[in-house]
Amino acid sequence: MDFNATLRNIFVEENDIPQEFSLPGLIHQREYLSNGAMKTWDGPVHEVYSPICIKTENGLERKLIGSYPVCTAAEADESLDAAVAAYNNGRGEWPTMGVAERIHCVEQFTGRMIEQKDIIVKLIMWEIGKSFADSVKEFDRTVEYIYATIDSLKNLDRDSSGFDIVDGIAAQVRRSPLGVVLCMGPFNYPLNETFTTLIPALIMGNTILFKPPKFGTLLHYPLQEAFRDCFPKGVVNIIYGRGNTIVPGLMQSGKINVLTLIGSSKVANELKKQHPKVNRLRAVLGLDAKNAAIVTSNADIELAVKEIILGSLSFNGQRCTALKIVWVHRSIADEFLKKFSAAVAQLRFGMPWEKGVSLTPLPETNKIEYLDSCIADAVAHGASVVNENGGGSEGSFFYPAVVYPVNSKMKLYHEEQFGPIVPVVPFDDLEETIEFLIESTHGQQVSIFSNDADEVASLIDPLVNQVSRVNINTQCQRGPDVFPFTGRKDSAEGTLSVADAIRAFSIRSLVAFKMNETNKQLINEIVHEDTSNFLSTKFIF
Ligand SMILES: NC(=O)C1=CN([C@@H]2O[C@H](COP(=O)(O)OP(=O)(O)OC[C@H]3O[C@@H](n4cnc5c(N)ncnc54)[C@H](OP(=O)(O)O)[C@@H]3O)[C@@H](O)[C@H]2O)C=CC1
Ligand SMILES: O=C(O)[C@H](O)COP(=O)(O)O
């Protein structure tokens, strides 16, 4: 197959874009949601160019799809003040509202969100180049996550059975909100990763300042009015602009109580340092990873190839959970590489709306240059691209490269490439793979491929002490979303799953009663009042 010849057939002209996947014209947004109202913006805007390139008379060009405000620190500060006022030191309408009412607001919002599914899904596809099928999945999964969060909160509440008495003291545990949450997410799951933090933070009674990522901003517009209509004034504020210009001032103000960032550890560390009282800041972070696959001499090679293809190249490797380095026992390396390269050649690349495509355009404009530099560095240190056409690029497409043999002198051994390159490292002794994980600054997940029970068992213990999830004969992934999702070292802070996220965005406060006659009577009255309708009680674990 000639990669470049095939690509020439993929690119289309404007008029050839299938109608059902087109946007309803250019989407020029000039508003942002602050303090319960849409504020009109007449300042500078950011023009959004899709990673999807279109054939024009000037050659291939990223298609312009719309624009949005580039707010400044002044608008960000105003929105922050709105969130602070809505929280009102825990005395605002939202943090004091009963759980049942907050759930009701979130349900109403979700209903409105579902009405906007068509446009949101199309915008995910156009803004970040995710396949249409995967964009639909991202939307559906987000809605499921919201409903699961609601169920989880109801169950958390139901578990509270009044008071525990220890040493003559009765204590009730309440889950209280933390304050103002600054919420930021990455480009690769612009809807899902945002809502994974924003919704649990919101439902627990916190107020929100949300800044969408630069690739994946327009898709949040259809939700602005729903946020405005479903929540009290100032509870959700959305600010548009570049993170590096508007966020530092927010952190330096000391008014942010919780930083939640799904993105890179470099950004998270910088932002934490900017807070004047970092010990008063809670951070809930999902960060970068260098997840490894370990294919032992006892592996089912066909199965390993199938899983590692999915693990390393789904959405072009742009997943935090992607397999970003593959360790293969030297005795099976040739066979693995041959089968893996053949499987790569079977992957379909194409426009994101085409059925069955797995390789799609890359949104980051400097990405291809970075990926080329990784390959050049690996080649300079003795590796080569072993699959046909590997590393070729045109427009915003990059053909996956399988690079072998990778070693510790290379960037690809250490850095999170976050793109379609699969670095393969040969090993002789499993101890080498454990050493790699011990030395790594990351600690999210690992996948072991082996059919030997003793071998698998001998690896599990050392590996669970390095990463937060060990997958056996399967790729790394976040789901099912009810599983705890976190990481060690630089890969995370706090745990995100449905139930864990509710805990991450709240604090347990005690109400303690010395058990004398007066207090026994008081407790009876409180329990009676507050458990009459468990959902209306604010007394939850
Ligand atoms: N562990 C997890 O759960 C997940 C982790 N990730 C990680 O996310 C990364 C990819 O996403 P990416 O969008 O590139 O991540 P970034 O860290 O670059 O961006 C995340 C957010 O931080 C903002 N930001 C970036 N730079 C600054 C700055 N200097 N000051 C303030 N804010 C800033 C961005 O805004 P702006 O866009 O305006 O710059 C964006 O909203 C990968 O490392 C991936 O592993 C991705 C998904 C899940
Ligand atoms: O950004 C990511 O990679 C997501 O958190 C992982 O989700 P996935 O494993 O389901 O793709």
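List pairs: first in segment 406-421 and farther than 16 Å from residue 310 by Cα, second among the polar types (S, T, N, Q), Cβ under 9 Å, 6+ apart or cross-chain?
If the second residue must be among the polar types (S, T, N, Q), the pairs left are 411/373; 411/417; 413/407; 414/408; 414/440; 414/441; 416/264.
Does residue 140 qualify as being without any contact (Cβ under 8 Å) to a residue 24 or more places away in the chain and more than 30 Å from residue 360 (Cα to Cα)?
Here the answer is no, as residue 140 does not meet what is asked.
When you look at residue 39, is it out of contact with any Lys or Arg (no Cβ under 6 Å at 6 or more places or on another chain), not acidic (Asp, Glu) and not assigned by TED's automatic domain parsing to the domain that holds residue 177, yes or no?
yes
Could you check, for segment 394-409, whether at least one of its residues is crowded, with 21+ Cβ neighbours inside 10 Å, at pLDDT 95 or above, more than 23 Å from residue 331 (Cα to Cα) and of a type in the set (Gly, Ala, Ser)?
no
Whether any residue in segment 254-270 is open to solvent by less than 30 Å² (accessible area, probe 1.4 Å), outside the structural domain of residue 466 (by TED's automatic domain parsing), within 16 Å of ligand 2 (Cβ to nearest atom) and assigned to a loop (DSSP other than H, G, I, E, B) is what I want to check.
yes
Could you please let me know if residue 303 is within 16 Å of ligand 2 (Cβ to nearest atom) and either surrounded by 23 or more Cβ atoms within 10 Å (Cβ to Cβ) or aliphatic (A, V, I, L, M) (or both)?
no
Go through (1) among the polar types (S, T, N, Q); (2) in a helix (DSSP H, G or I); (3) within 22 Å of residue 307 (Cα to Cα) one by one and return the number of the condition residue 321 breaks.
With respect to (1) among the polar types (S, T, N, Q); (2) in a helix (DSSP H, G or I); (3) within 22 Å of residue 307 (Cα to Cα), residue 321 is out only on (2).
If residue 344 meets every condition in (1) under 28 Å from the mean Cα position of the chain (by Cα); (2) surrounded by fewer than 18 Cβ atoms within 10 Å (Cβ to Cβ); (3) modelled with pLDDT of 95 or more; (4) of a type in the set (Val, Ile, Thr) apart from one, which number is that one?
(2)
Which of the residues that make up segment 275-312 are among the hydrophobic types (A, V, I, L, M, F, W, C), in contact (Cβ under 8 Å) with a residue 60 or more places away in the chain, closer than 21 Å to residue 491 by Cβ and not in a strand (DSSP E or B)?
287, 289, 308, 310
Among the listed residues 386, 379, 402, which satisfies the condition of being farther than 26 Å from residue 488 by Cα and in contact (Cβ under 8 Å) with a residue 60 or more places away in the chain?
402
Output the residues belonging to segment 448-478 that are within 13 Å of ligand 2 (Cβ to nearest atom), over 21 Å from residue 298 (Cβ atoms) and free of Cβ contacts under 8 Å to residues at least 40 places away in the same chain.
468, 469
Identify, please: which residue in segment 483-503 is hydroxyl-bearing (Ser, Thr, Tyr) and open to solvent by less than 20 Å² (accessible area, probe 1.4 Å) and is, among those, modelled with the lowest pLDDT?
Selected residue: 497.
Hey, any hits in segment 432-449 for a residue that's open to solvent by 10 Å² or more (accessible area, probe 1.4 Å) and closer than 30 Å to residue 348 by Cα?
Checked against the condition, which is being open to solvent by 10 Å² or more (accessible area, probe 1.4 Å) and closer than 30 Å to residue 348 by Cα, segment 432-449 yields no hits at all.
For residue 242, work out the one condition from (1) within 9 Å of ligand 1 (Cβ to nearest atom); (2) out of contact with any Lys or Arg (no Cβ under 7 Å at 6 or more places or on another chain); (3) closer than 20 Å to residue 81 by Cα it doesn't fulfil.
(2)
Considering every residue within segment 80-101, establish whether at least one is of a type in the set (Lys, Arg) and in contact with a Phe, Trp or Tyr (Cβ under 9 Å, 6 or more places away or on another chain).
Scanning segment 80-101 turns up no residue that is of a type in the set (Lys, Arg) and in contact with a Phe, Trp or Tyr (Cβ under 9 Å, 6 or more places away or on another chain).
What pairs come out if I take residues in segment 192-215 that are touching a residue at least 24 places away in the same chain (Cβ under 8 Å) and pair them with residues that are among the basic types (Lys, Arg) and assigned to a strand (DSSP E or B) whose C-beta lies under 8 Å away, six or more apart or interchain?
These pairs meet every condition: 204/175.
Looking only at segment 316-341, filter to residues that are hydroxyl-bearing (Ser, Thr, Tyr) and more than 16 Å from ligand 1 (Cβ to nearest atom); which one of those is most open to solvent (accessible area, probe 1.4 Å)?
Checked segment 316-341; the qualifying residue most open to solvent (accessible area, probe 1.4 Å) is 331.
The values are calculated or read from the model by the stated rules, or taken from the named source; none is laboratory data. This one's a predicted model, so the numbers in the text were calculated from it and none came from an experiment. Methodologically, a virtual Cβ is constructed for each residue, glycine included, from the backbone with ideal geometry; neighbour enumeration extends over all protein chains shown. Note: areas computed on protein heavy atoms with side chains; ligands, DNA, RNA excluded. Shrake-Rupley method; radii C 1.70, N 1.55, O 1.52, S 1.80 Å.
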